[in-house]
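The values are calculated or read from the model by the stated rules, or taken from the named source; none is laboratory data. Nothing here was measured: the structure is a model prediction, and the numbers come from that model. Every residue, glycine among them, receives a Cβ derived from its backbone with ideal geometry; neighbour counts consider all protein chains shown.
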Amino acid sequence: MHSVQKVTGPILWNNLHLLFWLSLVPFATAWMGESHFSTWPMAVYGFVLLMSGVAYYFLAHCLASVHVKDSVIAKALGKDFKGIASVVMYIIGIGLSFINHWFGFTCYALVAAIWFIPDRRIEKRIAHKD
């Protein structure tokens, strides 16, 4: 948020959209744990994660669209490989949850591993700007 220069109504709505889906993660996680990782709770967990990923994608691109093409956030976002890959992996994980719930769990864990490595794109752009 350090690189954001202005905030508009659509940015606020996209932020609320993201916060809504993130607020459902504890419910989905608890249900998945209580049911011992059965199929439907695993698929619902994946759906909540998918919608969180989609909401993040919308927010990031809404932020980039409000700023000029040469802004720090627009340059740092670039093609947003991690955001797109996450959404695709969540879709695959939801489908695989119906085949074997551990396959779905593996997809969700892979997305978490992708994001575990910090994304330094914005930090690098800010450092070059100063």
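Okay, here's what the table says:
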item	result
Residue in the range 2-43 that is modelled with the highest pLDDT, counting only those that are surrounded by 13 or more Cβ atoms within 10 Å (Cβ to Cβ) and not in a helix (DSSP H, G or I)	24
Residue in the range 50-67 that is assigned to a loop (DSSP other than H, G, I, E, B) and at pLDDT below 85 present	yes
Pair list, Cβ < 7 Å and 6+ apart or interchain, from the range 80-96 residues that are free of Cβ contacts under 8 Å to residues at least 40 places away in the same chain to residues that are among the charged types (D, E, K, R) and assigned to a loop (DSSP other than H, G, I, E, B)	82/119
Top-ranked residue of the range 53-68 - restricted to ones that are under 10 Å from the mean Cα position of the chain (by Cα), over 18 Å from residue 95 (Cβ atoms) and not aliphatic (A, V, I, L, M), ranked as surrounded by the most Cβ atoms within 10 Å (Cβ to Cβ)	56
Complete set of residues in the range 93-102 that are touching a helix residue (DSSP H, G or I) at 6+ places or on another chain (Cβ under 7 Å) and surrounded by fewer than 16 Cβ atoms within 10 Å (Cβ to Cβ)	98
Cross-chain or 6+ apart pairs with Cβ under 9 Å, the range 56-68 first and of a type in the set (Gly, Ala, Ser), then at pLDDT 75 or above	60/14; 60/80; 60/83; 64/80; 65/10
